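The values are calculated or read from the model by the stated rules, or taken from the named source; none is laboratory data. Not measured: the values here are computed from a predicted model. A quick note on method: Cβ atoms are made from the backbone with ideal geometry, for glycine too, and the neighbour counts reach across all protein chains shown.
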Number of protein chains: 4
Amino acid sequence: MSETIGIGMLGYAFMGRAHSNAYKSLAYMTWPPPLEPQLVSIAGRDEAAVAEAAERFGFADHTTDWRALVADERIGLFDNSGPNGLHAEPTIEAAKAGKHVICEKPLGRDATEAYEIWQQVAAAGVTHMCAFNYRFVPAVRLAREIVESGELGEIHHFRASYLQDWGAAESDAWRFDRSIAGSGALGDLGAHVIDLARYLVGEIRAVSGQLATFWPERSVDDAFEAAITFDTGAVGTLEASRFATGRKNALRWEINGARGSLAFDMERLNELEVYLADSTPATGAQGFRRVLLTEAEHPFMANWWPPGHIIGWEHTFVHELHHLLAAIRDGVSVGPHGADFEDGYRAAEVCDAVVASAQSGERVTVSYR
Amino acid sequence: MSETIGIGMLGYAFMGRAHSNAYKSLAYMTWPPPLEPQLVSIAGRDEAAVAEAAERFGFADHTTDWRALVADERIGLFDNSGPNGLHAEPTIEAAKAGKHVICEKPLGRDATEAYEIWQQVAAAGVTHMCAFNYRFVPAVRLAREIVESGELGEIHHFRASYLQDWGAAESDAWRFDRSIAGSGALGDLGAHVIDLARYLVGEIRAVSGQLATFWPERSVDDAFEAAITFDTGAVGTLEASRFATGRKNALRWEINGARGSLAFDMERLNELEVYLADSTPATGAQGFRRVLLTEAEHPFMANWWPPGHIIGWEHTFVHELHHLLAAIRDGVSVGPHGADFEDGYRAAEVCDAVVASAQSGERVTVSYR
Amino acid sequence: MSETIGIGMLGYAFMGRAHSNAYKSLAYMTWPPPLEPQLVSIAGRDEAAVAEAAERFGFADHTTDWRALVADERIGLFDNSGPNGLHAEPTIEAAKAGKHVICEKPLGRDATEAYEIWQQVAAAGVTHMCAFNYRFVPAVRLAREIVESGELGEIHHFRASYLQDWGAAESDAWRFDRSIAGSGALGDLGAHVIDLARYLVGEIRAVSGQLATFWPERSVDDAFEAAITFDTGAVGTLEASRFATGRKNALRWEINGARGSLAFDMERLNELEVYLADSTPATGAQGFRRVLLTEAEHPFMANWWPPGHIIGWEHTFVHELHHLLAAIRDGVSVGPHGADFEDGYRAAEVCDAVVASAQSGERVTVSYR
Amino acid sequence: MSETIGIGMLGYAFMGRAHSNAYKSLAYMTWPPPLEPQLVSIAGRDEAAVAEAAERFGFADHTTDWRALVADERIGLFDNSGPNGLHAEPTIEAAKAGKHVICEKPLGRDATEAYEIWQQVAAAGVTHMCAFNYRFVPAVRLAREIVESGELGEIHHFRASYLQDWGAAESDAWRFDRSIAGSGALGDLGAHVIDLARYLVGEIRAVSGQLATFWPERSVDDAFEAAITFDTGAVGTLEASRFATGRKNALRWEINGARGSLAFDMERLNELEVYLADSTPATGAQGFRRVLLTEAEHPFMANWWPPGHIIGWEHTFVHELHHLLAAIRDGVSVGPHGADFEDGYRAAEVCDAVVASAQSGERVTVSYR
């Protein structure tokens, strides 16, 4: 049987619910799981709400003081699913208390904060993960494997956009408040796009970017666009928006290599489109293949359902947390397939470069500390 | 807080795992759930395997004797996820012992057996459900609502096929054995198609059908096709196959009405294509809409994730069991949206009519006892 | 330079216009064309209308008497694009006068008439073609080549439907009149589906069919459905309807073989979906390929436009007439890729078998004279 | 009957063939055509090739000296389908000789040349058109009408890319030679994207761009990317590449407005995806509509084929030349739906701004002379 690990969670909203669900579903993915998660305690601001969350999600205890989690000796993994403004201090304190940590993205509200979190947590010697969960979409992992296999040849292009359309809504107010969120679409959606660019193609060298705020009273951006170059010489465009009417969760990217291409849309996350120039039948029946990522041989899928039985968005967290628990068990980093805090920091540097470019009008070379 | 109900499960394979997962995920869908399921005991033939399943799925006990479940007073709901040949006796005995019952499809191996199960269980006065889980796909429920709303006008056509491609595999041997399975693609996949035809359009009046077995040594069909008429005058085709290479779980159907049409493919179960002739913009921009069923206003979705965050195949069981628990709590039938044992029986009559038509070469009018 | 051939055309409506256009576009497809068509004369009932058609389409002369075409010595090819009720006599007379003939589908209003046309024209020794133009869609030809190559293995399934939605319109009245049209959706749309079944899979052995007329005052069918078996053992379903709201020209078919599958939709006629089980990359990136049929290596496409520049529906006639002119020049039959009058007759026998099965309720074995 | 107009054409390759074909197909689109084109003479460098082209395309004469076309009094419309380096002088000379002119895009090899062409031709007082034929795709025209109708609300985003994959080929060498072509993907493909941005959204205010050349020995760009802002405040990305493996003619664009969105892909040029937030049915069946642009009410389609019978890429030229002939007949400009030489010049200014931004690394405000 697996050893157990106590989970302490900060935040019970969208991400808290998604992470909790994943801890409970782990056993359905692999058996035995690398470590058996025990939901020890959950923290949140509102006493009544966090109490209900504890009962609903199956946590033994709850608290309105995140420092209680940090002090709780039963807890081995601190899961920070709180808003951006609560990423730094609790995460650092938990690590200093010897707990492994996972923190939602963006890691910090800017690169400076993200760097600080990374440095302090790394110094504490614990395992750390930045929750770029889209690395754990089967199609994204397969894409990485295909790129690494060399089947696509040299990569020339990467274009990605993350489009949603709730920007005119009034809900989730903290996401529109710069002091809490740090940025708008850039840090919320753009960080995902940037992380995938780095994961699938490599480091971003330079960005020519711009920000747009369609509702003038807002202190954060509603959208960003950038033309980018990679260290490898590949070029591309990045974009994110909360004002793309009709696009609900359209994280789309495409990679063009000298001998093949890949294309993806999160609204159809079980699919990957794959073009392989070297695989042309005698009859000339060449084209993009619609790969339905539900075969046992596909990443993460061996332990789910039979072919054709698709998984949902929430399963990315099951894969992610499974990966984290295995890393903790084995005492290794979550990289290269998991994003660690260095990845969280590097994504923040690119975000900051977009902001700098937007302000100066100049192409900005991304530099790391 | 909700009252609890004890669950006793027969079967720990594919369906047992899917149902167990759903019981544990219920709280993520609605809170509080109608009844709080307690996983009391799971039964299966193999002692070691069922013991592991109990631990993995979270059942308190396990047994190799399904009669122990029937006798277990802690159990209020008997969940029969076992193979077709074990549907009749355990289900009937559980009902006679006063337990509510859910049984996987097909209810019986033929209409006679299905009728017997229905009659005996109904006489016991318990709540009964036949696990036609595809009624609980959000797109299917929305389709039913659209049909009922009259927006499509008179229905003229229904065409459906359920295509998979593992028929040449050696696994799941019991599914190829007539004495256990009753039939092949017809009862396994065709029953789903028939149930959806009934759910979405109405009773099937007559079938002109045929069966095909591509591997001669098999005692069950590998595929069936039928031309059908409905009581309403609508006409259509039905089909199921385990030999449709490249189609993994392609349950597809299309409805054409006088003023609109709907189309669905289970491989993209979060989507429904909807054509509404009465909704033509001034610019003539008419066409099939790709509806992504992830809005809070869509069936079952209010308590899942934000728009665009898709759900997986397994979620149909969460919706189904939630519906069942609500019916048990309220002391009502699972109809019309849930399939009860009468629906299980009626689907079996249509299956038998297909077999009779295939053998005689004649169009067969479906008659119910 | 090519020799010339004089064209005499009967009919100036939909098909007359499509054929005329194709004769004029031939030079754009191949140069030099096999024979250079000269548009000699066009015949139609309405003097003013046929005079305008002649000018518009570029015919030197016009007439209201098709017998004038038959008697015209300048004419080498008689193109019968008239309504179904005018297929038999003019075509036979033209052949007897030594002219090569092409006749729109369905060849006759029933199998008896089609047989008579075939026999008499064949006896005249001229080249004959039944205008099943969908054989000349690049994707259909490629499908045939893939089937013949054996890449799909043994064929198990063929399912096809031809769906349109203008059945509630008042126009084209002759198509709803049994005495002129012979049948409704069956002969108009179903004949195409049947011809493709024969072209792509082989002879149809038996049909279990039904006809539906949704507007009771009509003397022809609005839709038909059939479950079918082929001589090879393959099985399938066929369907056609003029009442499939939102489907405009949806001729769809799918072939499933033991090692691969093909799928097509005429609304996207430049595309073919191809699944080849033997072509799985190391990474498991298997799936249906969307083949865009615009490469020089694809059937008929060497002389059109660069890759990705799609062709339209009308181009099928260019390919068809090019094929016919080459056959006339070479003194050979249009088969196997073109449909000759025997193919026209055989399709009519299958149509008649559907009607017979619909009336008797029995599976009908197709028998040829 | 229509009056006639004599056509003199420079160039017999890809574009020459496409234009010739369109002149001959005009009568199939509308009858009578606005002016009846007479193919007088075609000019090209290679005597044998141009002689064959004349015969094939139906020109009465041919010449190897374009000045002969300019001097030919039978010619009323000079059609410049030659390579970019032959756009300026012949077009200007033809206009000075009083001939109406249409010139392929890009109008000049840079903005200075384009400006010169525009000014001199405008001064001559003839009708002028820059052959941005994609304005004449039915879906593009419908998009423009929808934008103008206000149904989308304020436009926030425009993203477009024109992707092809023949960049590694050796053919069409002039397109890789800067002295003849002016630029690579930017002027060839990017000019189309820029023109559509202007046609659908409005003037481009500023660009942050970059160019990439993947084959170092080339003197032209293989790809470009840019982040852009419009005068209206809308923002977006533009891109073109000849190195997008598997993308054959993928001119894709998407518009997001406050109340709706549009999306298009030239590889499926008969379709437009349309999302209208104000058109939500009671059942919540909202989503992108796949509009098949084949109805008589759709732009340009009234005179083609019945619904669902798609047109091909080449038909854009039929619509374009029909539009031009009507403008010539009526003595009016081709705008706003046709692109005139001012539009050709303005697109060139944006191209130059991309080059300037790529070189300086700075955001460049587009300024017009």
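Say we look at the stretch D:219-242 and pick out the residues that are within 14 Å of chain C (Cβ to nearest Cβ) and touching a His at 6+ places or on another chain (Cβ under 9 Å); which of these is farthest from A:HIS156 (Cα to Cα)?
Going through the stretch D:219-242, the residues within 14 Å of chain C (Cβ to nearest Cβ) turn out to be D:240-242.
Those left that are additionally touching a His at 6+ places or on another chain (Cβ under 9 Å): D:240-241.
On the way: D:ALA240: 12, D:SER241: 10 Å.
Among those residues, the one meeting the criterion is D:ALA240.
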B:ALA68 fails exactly one of (1) part of a helix (DSSP H, G or I); (2) modelled with pLDDT under 95, namely (2)
Please find, within the stretch B:1-39, the residue that is farthest from the other protein chains (Cβ to nearest Cβ) out of those that are closer than 16 Å to B:MET129 by Cβ and out of contact with any Ser or Thr (no Cβ under 9 Å at 6 or more places or on another chain).
B:ILE5
Does the stretch C:327-369 hold any residues that are over 18 Å from C:ARG198 (Cβ atoms) and aromatic (Phe, Trp, Tyr), and which are they?
none
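On the basis of being more than 14 Å from chain D (Cβ to nearest Cβ), under 22 Å from A:THR316 (Cα atoms) and more than 20 Å from the chain's Cα centre (by Cα), does A:GLU170 make the cut? Don't jump to the end; show me each part of the working.
Values: more than 14 Å from chain D (Cβ to nearest Cβ): yes; under 22 Å from A:THR316 (Cα atoms): no; more than 20 Å from the chain's Cα centre (by Cα): yes.
Against the criterion (more than 14 Å from chain D (Cβ to nearest Cβ), under 22 Å from A:THR316 (Cα atoms) and more than 20 Å from the chain's Cα centre (by Cα)), A:GLU170 does not qualify.
Restricted to the stretch B:102-124, and to residues that are in contact (Cβ under 8 Å) with a residue 60 or more places away in the chain and aliphatic (A, V, I, L, M), which residue is surrounded by the most Cβ atoms within 10 Å (Cβ to Cβ)? Reasoning before the result, please.
At the first step, the residues of the stretch B:102-124 found to be in contact (Cβ under 8 Å) with a residue 60 or more places away in the chain are B:102-111, B:113-115, B:117-118, B:121-122.
Okay, now just the ones that are also aliphatic (A, V, I, L, M), so B:102, B:107, B:111, B:114, B:117, B:121-122.
On the way: B:ILE102: 25, B:LEU107: 35, B:ALA111: 25, B:ALA114: 31, B:ILE117: 27, B:VAL121: 24, B:ALA122: 15.
Ranking the qualifying residues of the stretch B:102-124, first place goes to B:LEU107.
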Scope the stretch D:153-173; condition touching a residue at least 12 places away in the same chain (Cβ under 8 Å), surrounded by fewer than 22 Cβ atoms within 10 Å (Cβ to Cβ) and small (Gly, Ala, Ser); matching residues
D:GLY153, D:ALA168
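When you check A:HIS298 against the structure, is it within 11 Å of chain B (Cβ to nearest Cβ) and either in contact with a strand residue (DSSP E or B) (Cβ under 6 Å, 6 or more places away or on another chain) or touching a residue at least 12 places away in the same chain (Cβ under 8 Å) (or both), yes or no? Show your work before the answer.
Details: within 11 Å of chain B (Cβ to nearest Cβ): no; either in contact with a strand residue (DSSP E or B) (Cβ under 6 Å, 6 or more places away or on another chain) or touching a residue at least 12 places away in the same chain (Cβ under 8 Å) (or both): yes.
No, not satisfied.
Matching residues to (1) within 14 Å of chain D (Cβ to nearest Cβ); (2) among the aliphatic types (A, V, I, L, M); (3) under 27 Å from A:ALA356 (Cβ atoms):
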residue: A:HIS128; (1), (2), (3): no, no, yes
residue: A:PHE136; (1), (2), (3): no, no, no
residue: A:LEU163; (1), (2), (3): yes, yes, yes
residue: A:GLY187; (1), (2), (3): no, no, yes
Quick one: in the stretch D:282-295, of everything that is part of a loop (DSSP other than H, G, I, E, B) and within 11 Å of chain C (Cβ to nearest Cβ), which residue is surrounded by the fewest Cβ atoms within 10 Å (Cβ to Cβ)?
D:GLU295
If I filter the stretch A:346-369 for residues that are touching a residue at least 60 places away in the same chain (Cβ under 8 Å), surrounded by fewer than 24 Cβ atoms within 10 Å (Cβ to Cβ), in contact with a Leu (Cβ under 7 Å, 6 or more places away or on another chain) and not in a helix (DSSP H, G or I), do I get at least one hit?
no
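Regarding A:GLY184, is this residue crowded, with 24+ Cβ neighbours inside 10 Å, at pLDDT below 95 and of a type outside the set (Ser, Thr, Tyr)? Before you say what the answer is, go through the steps one by one.
Values: crowded, with 24+ Cβ neighbours inside 10 Å: yes; at pLDDT below 95: yes; of a type outside the set (Ser, Thr, Tyr): yes.
When the stated conditions are applied, A:GLY184 passes them.
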Looking only at residues that are surrounded by fewer than 16 Cβ atoms within 10 Å (Cβ to Cβ) and touching a strand residue (DSSP E or B) at 6+ places or on another chain (Cβ under 7 Å) in the stretch A:4-37, which one is farthest from B:GLU55 (Cα to Cα)?
A:THR4
Is it the case that A:SER279 is surrounded by fewer than 24 Cβ atoms within 10 Å (Cβ to Cβ), hydroxyl-bearing (Ser, Thr, Tyr) and in contact (Cβ under 8 Å) with a residue 24 or more places away in the chain?
no
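Every residue in the stretch B:315-369 that is closer than 30 Å to C:ALA358 by Cβ and of a type in the set (Asp, Glu), please. Explain how you work it out, then say what you get.
Let us first name the residues in the stretch B:315-369 that are closer than 30 Å to C:ALA358 by Cβ, namely B:343, B:345-369.
Result: B:ASP343, B:GLU349, B:ASP352, B:GLU362.
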Consider B:SER149 against the criteria (1) more than 14 Å from chain C (Cβ to nearest Cβ); (2) in contact with a Ser or Thr (Cβ under 8 Å, 6 or more places away or on another chain); (3) within 25 Å of C:PHE224 (Cβ to Cβ); (4) not aliphatic (A, V, I, L, M): it satisfies all of them except one. Which criterion is unmet?
(3)
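D:GLU314: among the acidic types (Asp, Glu), within 14 Å of chain C (Cβ to nearest Cβ) and surrounded by 23 or more Cβ atoms within 10 Å (Cβ to Cβ), yes or no?
It is true that D:GLU314 is among the acidic types (Asp, Glu), within 14 Å of chain C (Cβ to nearest Cβ) and surrounded by 23 or more Cβ atoms within 10 Å (Cβ to Cβ).
Tell me the residue from C:PRO216, C:PRO306 that is within 11 Å of chain D (Cβ to nearest Cβ), assigned to a loop (DSSP other than H, G, I, E, B) and out of contact with any strand residue (DSSP E or B) (no Cβ under 9 Å at 6 or more places or on another chain), please. Show your work before the answer.
Working: C:PRO216 fails: within 11 Å of chain D (Cβ to nearest Cβ).
Only one candidate passes the filter, namely C:PRO306.
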Could you count how many residues in the stretch D:40-73 are within 13 Å of another protein chain (Cβ to nearest Cβ) and surrounded by 20 or more Cβ atoms within 10 Å (Cβ to Cβ)?
4
Just one of the numbered conditions (1) within 14 Å of chain A (Cβ to nearest Cβ); (2) surrounded by fewer than 21 Cβ atoms within 10 Å (Cβ to Cβ); (3) assigned to a helix (DSSP H, G or I) is not true of B:ARG329; which one?
(1)
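This table checks each residue for (1) at pLDDT below 95; (2) of a type in the set (A, V, I, L, M, F, W, C); (3) under 23 Å from the mean Cα position of the chain (by Cα).
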{"position": "B:ALA206", "(1), (2), (3)": "no, yes, yes"}
{"position": "B:TRP215", "(1), (2), (3)": "yes, yes, no"}
{"position": "B:VAL220", "(1), (2), (3)": "yes, yes, yes"}
{"position": "B:ILE228", "(1), (2), (3)": "no, yes, yes"}
{"position": "B:GLY233", "(1), (2), (3)": "no, no, no"}
{"position": "B:ARG247", "(1), (2), (3)": "no, no, yes"}
{"position": "B:LEU251", "(1), (2), (3)": "no, yes, yes"}
{"position": "B:GLY260", "(1), (2), (3)": "no, no, no"}
C:GLY58 vs (1) within 30 Å of D:TYR12 (Cβ to Cβ); (2) at pLDDT 95 or above: all pass except (2)
